[in-house]
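Heads up, the thing below is written out as structure tokens.
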């Protein structure tokens, strides 16, 4: 039984053998994409027509008028889809705009690397599976379209966002003939209505206080205001930058990252047991302080010291209504987004330049924001009960 991820429109197999099958059988992947996306458009057509094909109902708003073949270029090659047609009214679908945007950015980056003569054997193998034009004019045209989308995304005005989450992921980029691991900063905010929104992306040479200050200053220039809590991992640069750029705001150390840092200092065979106890004791500062002493008594001096050092930054979320606490303690949502990005850029290997990174990452985050806009409210910001 297979499940499908709307964001990537790739099949998620229920068994490891299925994953291996799809990985090596490109025709199978194309067939699954074709079946799934045709199903999506069929559902859209039924909704817009107000009825299923041949269904008799007073709610019908339009009649079907067959379908037209439409090609979609994916990293697995061209997929021919059947786009439904409605009589008298245009059929509107999100499939081509949303799927093509991120896929086009990925394919274009591979082509760009190929034309610059820096493609790896892996890229050449991917290109051999793609029935696409890799001429410089095509790459230039697509690049221009993607750059316009990047500019619009990164320059749009922001507003009041009580909570923001920040993180960095690392991507290989070619820079002056060398392949470097560069930090891609991302920021997600919770707006006044309580909905998630990706608000910023930037490629940086390194991760330090000055770079994070620069990133935050860009967000503030775009109108970001009303920030009360910033949630991140334990990077010292983030912590210091938050205190300088978001005066009056608190910094919250992500509980998941904190536990990871503590467990690194514990022997492997003890980590599972310590992790469970750590979760239990992180319900209050008093419990965690006591657990720090217990760890020291057992000989885990470094683990206990890490807890003591970070105690005051682990419980800033307690200043907010209790029903919000589970959403204010971790950066899990942002980490999941980074995980999706990493999986989808795998065919690229190393990016030819910083701009190509932004084209691909922003294209994906535009899709993420579209999902956020129709998703359920993340936090009811102004709910009265405590």
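Every number in this text was worked out from the coordinates using simple rules, so none of it is lab data. This structure is a prediction, so every number in the text was calculated from the model and none was measured. Virtual Cβ from ideal backbone geometry, glycine too; neighbours counted across all protein chains shown.
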Next item on the list: Starting from the Cα-Cα distance between residue 208 and residue 323, subtract it from 0.36 nm times their residue separation and give me the gain in nm to one decimal.
Entry: 38.1 nm
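So for region 279-371, averaging the separation of alpha carbon pairs under 8 Å that are six or more residues apart and normalising by length, what relative contact order in percent results?
15
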Notebook entry, point to check: Roughly what would the spin-label model give for residue 373 and residue 160, points 7 Å off Cα along C-beta, in nm?
Noted result: 2.2
Check: Hey, what did region 158-354 get for relative contact order, percent, Cα under 8 Å, at least 6 apart?
Finding: 23
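Please work out the FRET efficiency for the pair residue 151 and residue 52, using the Cβ-Cβ distance as r and a Förster radius of 45 Å; give the result to the nearest 0.05.
Values: r = 42 Å, r/R0 = 0.93.
Efficiency at R0 = 45 Å is approximately 0.60.
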Checklist line | Contour excess over end-to-end distance, with Cα ends at residue 247 and residue 309 and 0.36 nm allotted per residue | finding: 20.1 nm
Notebook entry, point to check: Using the 10 angstrom Cβ neighbour count as an exposure proxy, how do 284, 249 rank, fewest first?
Noted result: 284, 249
Next item on the list: Give, in nm to one decimal, the length gained when the segment between residue 277 and residue 175 is fully stretched (0.36 nm per residue of separation minus the Cα-Cα distance).
Entry: 32.2 nm
Check: Between rounded, prolate and oblate, where does region 250-386 land on the alpha carbon gyration tensor, with a ≥ b ≥ c its root eigenvalues, rounded for a/c under 1.5, else prolate if a/b exceeds b/c?
Finding: oblate
Margin query: Distance between the C-alpha centers of region 208-241 and region 242-302? Whole Å please.
Written below: 23
Check: region 139-197 to region 333-364: how many Å between their Cα centroids?
Finding: 10
Check: Rounded if a/c is under 1.5, else prolate if a/b is larger than b/c, else oblate: which is region 158-354, with a ≥ b ≥ c the root eigenvalues of its Cα gyration tensor?
Finding: oblate
Checklist line | Label-point gap, in nm, between residue 236 and residue 92 - each point 7 angstrom along Cα→Cβ | finding: 5.3
Check: Rounded, prolate or oblate: which one fits region 154-232, using the alpha carbon gyration tensor with axes a ≥ b ≥ c (rounded when a/c is under 1.5, else prolate when a/b beats b/c, else oblate)?
Finding: prolate
